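The values are calculated or read from the model by the stated rules, or taken from the named source; none is laboratory data. Being a predicted model, the structure only gives us computed values, none of them experimental. Methodologically, a virtual Cβ is constructed for each residue, glycine included, from the backbone with ideal geometry; neighbour enumeration extends over all protein chains shown. These accessible areas exclude ligands, DNA and RNA; they are computed on the full protein's heavy atoms, side chains included. Shrake-Rupley method; radii C 1.70, N 1.55, O 1.52, S 1.80 Å.
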Amino acid sequence: MQQEDRIGGDESDLESLTSASVRDAHRFRAQYSGMVRQRAYIFDGDGKYYNKEWDLKEGTGKEFCWYHVELPKGNQKLSHSAQHLIDALCPPLKLQDILSLVSNGPFCGHVDGALVFRVNSPGPASSSFTFKIAARITENSVITVSLGRVPRLGFSPMGQSLLSEVPSVDSPSYYRGEHKERSGIVIEEHVLEFLLTMNHSEEADNPVPTSVSNLVVHIIDTHVDQLQDVVTKLEIELDAVELEMDRGGFAMKKQMLDDRRFPKLHLNLQRLLQVIAHGEQVFPRVKEKCSTKHWFLAEDINSLEELIGRLRRLKENVGFIANRVNAIQAGLDSWQAEQINRKLYYLSFLSIIFLPLSIITGVFGMNVGGVPWTGQSNPELADGFRNVMYICLIMLVVVLSCFGFPALYSRIASWWRMRAMNRSWSLNRRSFQKRPNIVQERRGYLRL
């Protein structure tokens with residue numbers, strides 16, 4: 001009887017533990033499910049698309065589906081990102097599919113019959129220089145995963161693009177004193193500054209893909225555009241910093257050195273170069289594997305080749321930016337070394353001034369016989385202290401003359417050269433004013 005009670009108690013404990021784990025899992029899903037954005041589209045193959053429910057089903061015939069998962073940017077672990085994907089994509093995907101999409105580093109290969117590639121850079125997810133893009137491609141469906149929002153990745157209805165509108169300034173214009181109103185949509189200044197950093201159009205301007213290969217090219221193109229946007233912002237930021245350094249003074253340069261602004265920027269550039277290097281490894285392999293697919297169009301293979309070329313040129317541009325950062329940092333380091341040398345110069349100048357004085361006072365302060373003007377009781381030596389002060393003053397004048405004579409000589413020499421130059425210019429001007437009559441008589445060129 002006691003054994004049956006023990007077995008019953010163990011079963012109740014197991015049920016309680018199972019229910020607790022299920023509650024924890026539901027609580028985790030309820031906590032993180034709202035942070036993940038999901039979008040699903042279905043394309044008819046004729047240039048039209050529609051939003052669809054999140055069922056992860058593949059298209060039939062000419063139709064193909066696209067499912068996109070947008071992971072949140074924040075201070076979260078990689079296991080949390082995997083949990084997000086498990087909640088969104090399982091089933092029908094398996095654990096190996098999830099790991100191939102969420103793991104860090106470059107990858108391109110076939111997983112469970114589907115082509116999978118990823119360009120996931122390691123680093124904190126909250127950083128602006130951490131990029132993650134992964135895709136699982138089949139003949140009639142594409143599943144993509146990104147970290148944060150990727151500009152121009154999705155699609156929006158036509159007619160909502162800001163770039164297709166007629167712009168207008170915020171203030172009325174004046175032409176020849178007349179008040180003239182302009183028609184069109186008003187563009188704010190901060191919106192205009194944001195548009196100047198974009199190297200691409202908006203979502204409403206995206207051409208609707210007619211095949212899976214068009215969609216794959218679109219995904220890789222938006223990834224390269226995102227990297228290009230970051231590089232453009234860095235160039236604008238560096239231009240502004242160089243202008244501030246030219247106008248700024250001691251306080252601004254000291255603040256830049258204290259904040260370690262350029263070493264941090266150099267570290268971010270190295271992360272960006274790592275992302276580009278991952279793309280250089282993955283995208284040629286994607287092109288190679290897609291070229292063997294009968295459903296991948298030849299023109300899209302050429303588009304992939306162009307994107308790979310863009311990525312290589314972007315890598316060179318990032319290298320130029322890194323050289324600019326190193327040059328600016330070297331300039332700040334040389335400025336800091338100059339400030340330190342100037343302070344050491346002042347300190348050495350003071351030490352050179354007081355060194356002869358300390359020698360003189362040390363000599364007359366020795367407690368030995370024969371030191372002049374040291375007899376305190378002799379009335380004839382009452383002016384000894386004054387004589388020592390005279391010697392110190394003469395020595396100080398000699399030291400200052402040794403330091404000040406080169407600077408004084410250079411100033412006098414520069415003044416004498418400027419005076420001689422002005423005198424020669426005035427003589428040449430007078431002689432040149434007398435020559436036009438001679439030139440008119442000779443009717444020829446002036447001989448110099």
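Descriptive notes on the structure:
- List MET252, MET421, ordered by accessible area with a 1.4 Å probe, largest first: MET421, MET252
- Dimensions of the stretch 319-372 from C-alpha coordinates, computed as largest minus smallest value along each principal axis and given longest first, are 75, 13, 8 Å.
- In this view, the solvent-accessible surface of ILE412, computed with a 1.4 Å probe and all protein chains in place, comes to about 90 Å².
- Accessible surface ranking that places the most exposed of GLU316, GLU235, GLU70 first, with a 1.4 angstrom probe: GLU316, GLU235, GLU70
- Each principal axis of the Cα atoms in the stretch 61-121 has its own extent, and those three values, largest first, are 42, 22, 18 angstrom.
- Per-residue 3J(HN,Hα) values for the stretch 354-361, derived from phi via the Karplus relation 6.51 cos²θ - 1.76 cosθ + 1.60 with θ = phi - 60°, read 8, 5, x, 5, 5, 5, 5, 5 Hz in sequence order (x marks Gly and Pro).
- Neighbours of LYS52 by Cβ distance under 11 Å: Lys/Arg scored +1, Asp/Glu scored -1, total -1.
- Cα pair distances of the stretch 265-306 binned at 5 Å [whole percent]: 6, 21, 22, 15, 13, 10, 7, 5, 2
- Summed side-chain charge close to GLY148 - residues other than GLY148 whose Cβ falls under 12 Å, Lys, Arg +1, Asp, Glu -1: +3
- Solvent exposure, largest accessible area first (probe 1.4 Å, DNA, RNA and ligands not counted), of ARG118, ARG313: ARG313, ARG118
- Viscosity 1.002 mPa s, temperature 20 °C, Stokes-Einstein D of the stretch 47-161 from Kirkwood C-alpha radius, µm²/s: 142
- Straight-line cross-link partners of LYS293 among the lysines, defined as a Cα under 22 Å from its Cα and at least 8 positions apart when in the same chain: LYS57, LYS62.
- Cα-Cα over 29 Å, subset of LYS48/LYS315; LYS94/LYS264; LYS94/LYS289; LYS264/LYS289; LYS77/LYS254; LYS233/LYS289: LYS48/LYS315; LYS94/LYS264; LYS264/LYS289; LYS77/LYS254; LYS233/LYS289
- Per-selection Kirkwood Rh - the stretch 246-371 (Cα, Å, 1 d.p.): 20.6
- Top positive-direction residue, dipole computed over the stretch 246-325 with Cβ charges, set VAL286, LEU265, ASN317: LEU265
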